[in-house]
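Take a look at the structure set out below.
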Amino acid sequence: MQFDLLPLEAQETHWSAHGDAPEVWEGAKLVSSGKHYGFLEVEDIPSGTDDYEVIMTPRYVFPLMDDTGVVTGEFEQRQYDNVVTILVER
């Protein structure tokens, strides 16, 4: 189920890196999205004396293809759109 179709309460308490990630093709070549091996990058940035900001960025590894759809063996790091930022105030 697409993440944004979940009840609001579920969206506030659950996390999904991609929700719905439809593949975009140009002929035989995959050019964006789809579901790939991913990870969550977490940044902890000081803000003031005791406060800090946490930025969670879902990223994935995208296989590159030539125009005929053959995988080149190279990859690109990309990110999903739903970056979450939380300010922690002490």
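A quick yes/no check of all residues on (1) within 14 Å of residue 82 (Cβ to Cβ); (2) without any contact (Cβ under 8 Å) to a residue 12 or more places away in the chain; (3) under 12 Å from the mean Cα position of the chain (by Cα):
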site	(1), (2), (3)
23	no, yes, no
27	no, no, no
35	no, no, yes
38	yes, no, yes
47	no, no, no
52	no, no, no
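Applying the criterion of at least 3 residues that are surrounded by 12 or more Cβ atoms within 10 Å (Cβ to Cβ), at pLDDT below 95 and of a type in the set (A, V, I, L, M, F, W, C) to the strands (runs of 3 or more DSSP E) found wholly in region 16-90 leaves 51-65.
The values are calculated or read from the model by the stated rules, or taken from the named source; none is laboratory data. Bear in mind that the values here come from a model prediction, so they are computed numbers and not experimental data. Cβ coordinates were reconstructed from backbone atoms using ideal geometry, including for glycine residues, and neighbour counts include every protein chain displayed.
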